[in-house]
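Remarks on the structure that follows.
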Amino acid sequence: MASLLMSHRNSRADAVPGEARGFPHHDPKAKRVIHLCLCGGVSHIDSFDYKPELAAFHGKSLQAEERPATFFNQIGLIRKNDWEFKQRGESGLWVSDLFPHLAEVADELTVIRSMVAESANHTPATFEENSGFRLNGFPVMGSWISYGLGCETDELPSYVVLPDARGLPAGGTINWSNGFLPAQHQGVAFQTKGPAIHDLFPARELSDTHERASRDLLTRINQSHLETVGSEDALRARMRSYELAAKMQLAVPMVTELNQETAATRAMYGLDDEATADFGSRCLLTRRLLEKGVRFVQLFSGGSFGSPRINWDGHEDVKENHTREAARLDQPVAALLRDLRQRGMLDDTLVLCTTEFGRTPFTQSALDQIGAGRDHNMYGFSIWMAGAGLKHGLAYGATDEIGWKAVEKPVHWYDYHATVLHLLGIDHERLTYYHNGIQRRLTNVHGEVLHDILT
Amino acid sequence: MRCFCTGERQTSKHSWRGLPTCHVCRFRSLESYATVKLCTLLACVAFAGPIVADEVTPQDFDRHIAPLIAQRCLTCHSGSEPKGKFDLSSRTTAMAGGESGVAIKPGSPEESLFWENIDSDQMPPKKPLSAAEKAHFKTWIEGGAHWGTEKIDPFRYSTDARAGSDWWSLQPLRNPQPPTTTRPGWTSNPIDAFVDSKLQAAGLAPSNEADKRTLIRRLSFDLLGLPPTPEEINKFLTDTSDVAYENLVDRVLASPHYGERWARHWLDVVRFGESNGFEYDQPRNHAWPYRNWVIDALNQDMPYDEFVRMQLAGDILQPNNFDAITATGFLVAGPHNTTLPANDKMRMSMAQDEIEDLVGIVGQTFLGLTANCARCHDHKFDPISQKEYYQLAATLTGVTHGERSVQVELSAEHQQRVVDIESELSKIRTARDAIEQAARSQILAERKDGTAALPEPPIAMTTWEFEGDLRDSVGSLTATAHGSARIEDGCLVLDGKDAWVGTQPFPVDLQEKTLEAWVQLDSLDQSGGGAISVQTLDGATFDAIVFGEREPRKWMAGSNGFVRTMPFNGTEEVDARDRAVHFAIVYHKDGSITGYRNGTLYGKSYRSGDLHTFAAEKFQVIFGLRHSPVGGNRMLAGRIQRAQLYNRALTADEVAASAGVADRNYVSSAQMLARLSPEQRAHFDTLITNIATLQTEKDALTGSQLQKLYACVSNNPGITRVLNRGDVGSPAEEVSPAGLGAVTGGSTDFGLAPNASDADRRLQLAAWVTHPDNPLFARVMLNRLWQYHFGQGMVTTPSDFGFNGGQPSHPDLLDWLAQAFRSGGYRLKPIHRLMVTSATYRQSSAPNAAAAQIDADNRLLWRKTPQRLEAEEIRDAVLVSTGQLNSAIGGVGYRDVRHFEFKGSNFYESVNETGPEALRRTIYRFSPRGGRNPFLDTFDCPDPSVTTPRRAATTTPLQALALMNNALVFTLADNFADRLQREAGETTATQVKLVYLVAYGREADQQEVQLASRFVDAHGLASFCRVILNSNEFLYVQ
């Protein structure tokens, strides 16, 4: 209720710091977040969840009492991993050859191998991954964090979205909705063409003198209005919002100017290579945004569904699909982690890499065949985190011997969300917003912080 | 919980003991009806004197002990999973004890664990019982622990953790009398009496009345969402009568723009969006009639109960009424997932998610109850059990999303015209038939005596006569009938649904070819069915005789992806329903394609690129289906008498000959026409033209009767079961559709069986929701109206009147107004009038630091709270000021997005609006869930996926960027400047004055004119307009 009243009092022009007062609840380990959102469902058994037994079961049918619930309901024979696994770095974390560059920074990663989702349908599962609910209209994590912590700068939005150059994820703007939270917490999706932010500059060319004179006149007219009607916070805040807008006009072009980076840095992020240029540019931009104080940057890997695939949804051929998709981000993401580390930023930055669900150990094919594609698997899959406050080089939880279901320390999205908030100094039970009968939370009525993965 | 006037936080939301009373607003008395009741009850318990052991009768238990148990114990010790497995809600379970064994030993408190825990303050854990309360329990056990009514209703009483059925909002409407007030100008409208009494009690005084310019601007935005025009302002200013304001209110309420403004509020609540959301996010191209229905209903001041009944069950109450069906757009206004997994359980689970969403919107919108929270367990805060959730859900499970074709009733005038046309047509056809018949008879007579040559028909490669079986009469191909396809009276009968016939693969290549068929159609309005088709076995490549696919009532040469299809430009079919028509398509070597109808050329021949070669063994002939797979619009409904396939291109004469031999008595049109004299021919042609003209007119009239509509599609609801923990894998008892017990008024027992029809369910639901004795129905809507007029509701949580909702700031006023609303037949306009003519509403909005100290949020209404224009109002006001608004009402609306499909998903990319349609009011914007408008979004236009009973009003730099830089703002500033030059001439000072009048509704003072003129002279008038559109005075209503 308190936050509702406050938001309605609308006196705040900017979001510095959090709009909901009283944050953080405890000493935060992380100050900012990068979320790599991999759309379509990455095969955990081909990437981070090593299942040696799979080779033995290859070509056998699943011996289970229940018939697996999958999206297409075609349960083929079990297929072994298509990429070889090795233990990496000092930690000996298992990472497959699908991600050779990431494998080199394996010691930075904290892998959760026992994720469980409540839907095997892309969009509800993606909503759950990002907002904790399976329906449209709930605020996503970026919005919640913006609402809770605000932004460290008043020159840039607190929550920035960088979509895949190949297209928006299915549902478009639905994926970064503020839901019922106030509008400034909606993700601001940077445009791939023209200025990064909608309406950043006048739709018409105007001279500086002209623009300055316009702003001056506006200020004078507003000032005189304020004197007539009396002192109102809301009116003052609106006047200030024009000052902030002017700052944003300077800040956004600067931060998006990747040519300011050295050739070596650009090469490290893969900007020179066609395969990695898109994700690499966005990773580099992400680092620059964080440096300027943006709270939450979300990068999408993959667009909408349908054929030919432009995301991780390897129904037809996981090998072909994942090879292509991984090549786009493997090097850039490894570069981002290295870069953040070398700049000392990884100490208080949280990097999240998630996918809405995993893929089945059996193929999507006829009962007696080993197909090339794998169907959606909501019962067990892997995600990873890196950076502030985490035990690195760690694998948490486990799936069964073939990687079908999480059996050891299963983790639900709300546990993951609770943990992320915890690292940011937020008690997930106390980051609330009243909406229709409930103090809503990102974690609904659930959520256990995964203390075992924290330092 | 805050004290209403000081905003001071109280430690416990419903602590009823030791709570400091706010000296200003008497916080405690505002707390809740429930609390008052609770205190009274406990006072009765506490001060009735100690009850003596041998006097504790079952009646005493019900009166004294049961309420204590309900309030202090049952939150944990009842339900499906009682704490410690100790369930205190019934005698049997209470006496049986829990995990730790028997807890109550009658006659012996010392041996009762129950007493031990109470006495030692271990229970209740957070707030121990008072000495008096303890004494009661002890006395009760000592006296033998006699129980009264077996089951204690855990929902009976409110506690400090949840609402019971004694919760304030669930009580019947009271009849409070307006207090007396002597404040001048505040005595005539009862609203003012109630408000003044609260203000006085808080030591506050109201503000003065606002000036007339402020009042007209306020009223105009509030009721119409538009600024007043200079003419309207002038009219009001010069009206010096005592009732000038009241007259203004009447004028404004009569405006059709009222419906547009208030419909927007309603659409926020029902989360009206025009695409499905989720992965595919398909557009709903015919959802807009619902929006218009809401606008019309409000403009007509439809009684609110009628308004709600229509939205819940209009399709059942008036099944032939287009508007009534449109109203059910409410039930399908929200998101809907069309990405369906093959797995049953997954689909069921998705369906349950959507039902929860629907139960939520119905409960919150009309009742202010979050019934959706009871899907997995009993409601944690309100008296709604899990079973009741499923009973309520059962009333809505027959609701499905879909696009319907709905009959629109013709006007009487049009109906008459249709009758006239039919009679006219019948006469002309008779005349035509007479001419034809004469010529035919003549030809047939000549055939008999051998004077008329019978043309020799060409020999086909394959012929199907459909005499008794499906065999072809030339070759020996086997054909198979599918679906309901059957042979009857020498015809192949096709139902247009699943009937078709396919041959086995042809053994030879096919290059040049001719397809022909004698076809009679069930309806001339069908679209896309194939008569005969040559297709590759997978259906991917085909050539076919297709009816009505791209142009209604016309034949065409169908082909895969239309690669060999162009319009023949032949005539519209008029005969094929009455008798079989011969249609042939000839595919020539050079790629040209020619159609023939009844032996004569059909329209024009065309070139289509290359002839397609069908390879031997890789193709087949099919009938009744355009191409595989079965379904969609590919199915033909009708009869095929005969069909032939030639492996060459027939000449025109051959086709004519073939057309003539189907029947020895058949005379082709060409033959018939050739027989007519020039005069007869001229007459005949006139008749044919007249038939076509009349038919077209009739089709236009009757065709407009069918309108596509996204609305509720009623389905068989099946049986609803309680799902343990909301899990579809764990179904429990079967339930009947019913209402919520907590809602008083109509009976919650709908008298329906678990398998009742959707119609019965929703009729009962609508009657129950709108029952005149349902107190929530009037209170919730009344509070919404108040909120939109005053900026916040008396209850600040307009869709939640339960435990987690707010308490009413003016409970008496709320009930008085709700009574007035109900007794006035639930009409909105009289209530609007009452509210906006009150002195309370007419107060100035000037700040008052002293008053703000006492009541910062202005809940007691010591002034009118200023409000920023909402997103739509900003855009609309800019359009009005610049003279660009297209004020048309209703219709399809405009689109500011480019819709495209990409990989199966639908996307909506923002584009700059152009053209007069784009200058319509913002409520007419096509509103896809995945394609929000960044300009509107930034000004808090809500996500159409989520119900928004109350909008936020934020202030952000992105708003400043949008309003300064958006292309539309520049264009409109230009238009504004043009308007000024048109209306105010070339003098800068005069132009500036008009800007102030139009944008702010007031005169500019000398200083303002000077300041502005200097700017205009340096940077132009349009630039000045752009600044004005960004100014606070433009964006705020005082």
Discussion item. I need the full set of residues from region B:763-791 which are closer than 16 Å to B:Y841 by Cα and either among the aliphatic types (A, V, I, L, M) or touching a strand residue (DSSP E or B) at 6+ places or on another chain (Cβ under 8 Å) (or both), in order please.
Written reply: B:L782, B:L785, B:G791
Discussion item. Being within 14 Å of another protein chain (Cβ to nearest Cβ), surrounded by fewer than 22 Cβ atoms within 10 Å (Cβ to Cβ) and farther than 25 Å from B:N247 by Cα is the filter here; which residues of region B:805-850 pass it?
Written reply: B:A846, B:P847, B:N848, B:A849, B:A850
Practice prompt. Could you give me the residue pairs with C-beta distances under 8 Å whose first residue belongs to region B:552-579 and is closer than 16 Å to B:L611 by Cβ, whose second residue is modelled with pLDDT of 85 or more and basic (K, R) wherever it lies, and which are 6+ apart or on separate chains?
Written response: B:A557/B:R564; B:G558/B:R626
Discussion item. Looking only at residues that are in contact with a helix residue (DSSP H, G or I) (Cβ under 8 Å, 6 or more places away or on another chain), more than 26 Å from B:D211 (Cβ to Cβ) and assigned to a loop (DSSP other than H, G, I, E, B) in region B:977-1028, which one is farthest from the other protein chains (Cβ to nearest Cβ)?
Written reply: B:G985
Worksheet item: Any chance region A:262-278 includes a residue that's within 12 Å of chain B (Cβ to nearest Cβ), without any contact (Cβ under 8 Å) to a residue 60 or more places away in the chain, assigned to a helix (DSSP H, G or I) and more than 20 Å from the chain's Cα centre (by Cα)?
Response: no
Response to the item:
Given the conditions (1) more than 14 Å from chain B (Cβ to nearest Cβ); (2) out of contact with any strand residue (DSSP E or B) (no Cβ under 7 Å at 6 or more places or on another chain), every one holds for A:Q186 apart from (1)
Worksheet item: Restricting the search to region B:44-96, which residues are exposed (fewer than 14 other Cβ atoms within 10 Å of the Cβ), hydroxyl-bearing (S, T, Y) and at pLDDT 85 or above?
Response: B:T92
Item to complete: Output the residues belonging to region B:1001-1023 that are touching a residue at least 40 places away in the same chain (Cβ under 8 Å) and at negative phi.
Response: B:R1002, B:L1021, B:A1022, B:S1023
Worksheet entry | Identity of the residue in region A:240-261, touching a residue at least 60 places away in the same chain (Cβ under 8 Å) and within 14 Å of chain B (Cβ to nearest Cβ), that ends up nearest to B:Q1007 (Cα to Cα) | A:R240
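With the condition kept exactly as written, say whether any residue in region B:718-732 is assigned to a loop (DSSP other than H, G, I, E, B) and under 30 Å from B:V406 (Cβ atoms).
Within region B:718-732 (the criterion being assigned to a loop (DSSP other than H, G, I, E, B) and under 30 Å from B:V406 (Cβ atoms)), the answer is yes, since at least one residue qualifies.
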Worksheet entry | Breaking point among (1) more than 8 Å from chain A (Cβ to nearest Cβ); (2) within 18 Å of A:E227 (Cα to Cα), for B:S1031 | (1)
Worksheet item: Out of the residues in region B:558-584 that are touching a Ser or Thr at 6+ places or on another chain (Cβ under 7 Å) and of a type in the set (A, V, I, L, M), which is surrounded by the most Cβ atoms within 10 Å (Cβ to Cβ)?
Response: B:A584
Discussion item. Give me the residue from region A:66-91 that is of a type in the set (S, T, N, Q) and assigned to a loop (DSSP other than H, G, I, E, B) and, out of that set, nearest to the other protein chains (Cβ to nearest Cβ).
Written reply: A:N73
Worksheet item: Quick one: in region B:927-950, which of the residues that are within 7 Å of chain A (Cβ to nearest Cβ), in contact with a Gly (Cβ under 8 Å, 6 or more places away or on another chain) and of a type in the set (D, E, K, R) is nearest to B:L1035 (Cα to Cα)?
Response: B:D943
Practice prompt. Mind telling me which of the residues A:D427, A:D415 ends up being away from every other protein chain (no Cβ under 14 Å) and not in a helix (DSSP H, G or I)?
Written response: A:D427
Discussion item. Residues to consider are A:L156, A:L98; find the one that is in contact with a helix residue (DSSP H, G or I) (Cβ under 6 Å, 6 or more places away or on another chain), touching a residue at least 12 places away in the same chain (Cβ under 8 Å), part of a loop (DSSP other than H, G, I, E, B) and within 12 Å of another protein chain (Cβ to nearest Cβ).
Written reply: A:L156
Worksheet item: What are the residues in region A:226-239 that are within 8 Å of chain B (Cβ to nearest Cβ) and in a helix (DSSP H, G or I), if any?
Response: A:L226, A:V229, A:A234, A:L235, A:A237, A:R238, A:M239
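Looking at B:V892, B:V880, which is the one that is more than 14 Å from every other protein chain (Cβ to nearest Cβ) and not in a loop (DSSP other than H, G, I, E, B)?
Exactly one residue qualifies, and that residue is B:V880.
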Discussion item. Here's a check for you: in region B:895-924, which residue that is aromatic (F, W, Y) and either in a strand (DSSP E or B) or surrounded by fewer than 22 Cβ atoms within 10 Å (Cβ to Cβ) (or both) is farthest from the other protein chains (Cβ to nearest Cβ)?
Written reply: B:F900
Worksheet entry | Those residues of region B:749-769 which are surrounded by 15 or more Cβ atoms within 10 Å (Cβ to Cβ), in a loop (DSSP other than H, G, I, E, B) and without any contact (Cβ under 8 Å) to a residue 60 or more places away in the chain, in sequence order | B:L752, B:A756
Response to the item:
By residue number, the members of region B:998-1030 that are in contact with a Leu (Cβ under 6 Å, 6 or more places away or on another chain) and surrounded by fewer than 20 Cβ atoms within 10 Å (Cβ to Cβ) are none
Item to complete: Of the conditions (1) among the aliphatic types (A, V, I, L, M); (2) under 22 Å from A:V161 (Cα atoms); (3) more than 14 Å from chain B (Cβ to nearest Cβ), A:I310 clears all except one; give me its number.
Response: (3)
Worksheet item: Restricting attention to region A:218-261, which residues are over 22 Å from A:T192 (Cα atoms) and β-branched (V, I, T)?
Response: A:T219, A:I221, A:T228, A:V229
Worksheet entry | Conditions (1) within 26 Å of B:T797 (Cα to Cα); (2) touching a residue at least 40 places away in the same chain (Cβ under 8 Å): number failed by A:V407 | (1)
Item to complete: Name the strands (runs of 3 or more DSSP E) wholly inside region A:279-390 in which the number of residues that are closer than 23 Å to A:R67 by Cα is 1 or more.
Response: A:358-363, A:374-377, A:381-387
Worksheet item: Where in region B:304-385 are there helices (runs of 4 or more DSSP H), lying wholly inside it, with at least 3 residues that are within 11 Å of chain A (Cβ to nearest Cβ) and at pLDDT 90 or above?
Response: B:344-362
Practice prompt. Identify the single condition in (1) in contact with a Phe, Trp or Tyr (Cβ under 7 Å, 6 or more places away or on another chain); (2) more than 7 Å from chain B (Cβ to nearest Cβ); (3) part of a helix (DSSP H, G or I) that A:Q223 does not satisfy, given that it satisfies every other one.
Written response: (1)
Worksheet item: When region B:589-600 is examined, which residues are found to be modelled with pLDDT of 90 or more and surrounded by fewer than 18 Cβ atoms within 10 Å (Cβ to Cβ)?
Response: B:S592
Discussion item. Suppose the filter is modelled with pLDDT of 95 or more, part of a loop (DSSP other than H, G, I, E, B) and either assigned by TED's automatic domain parsing to the domain that holds B:N1032 or basic (K, R) (or both); does B:R859 pass it?
Written reply: no
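The values are calculated or read from the model by the stated rules, or taken from the named source; none is laboratory data. All figures in this text were calculated on a predicted structure; none of them were measured in a lab. When we count neighbours, we look across all protein chains shown, and the Cβ atoms used for this are built from the backbone with ideal geometry, even at glycine.
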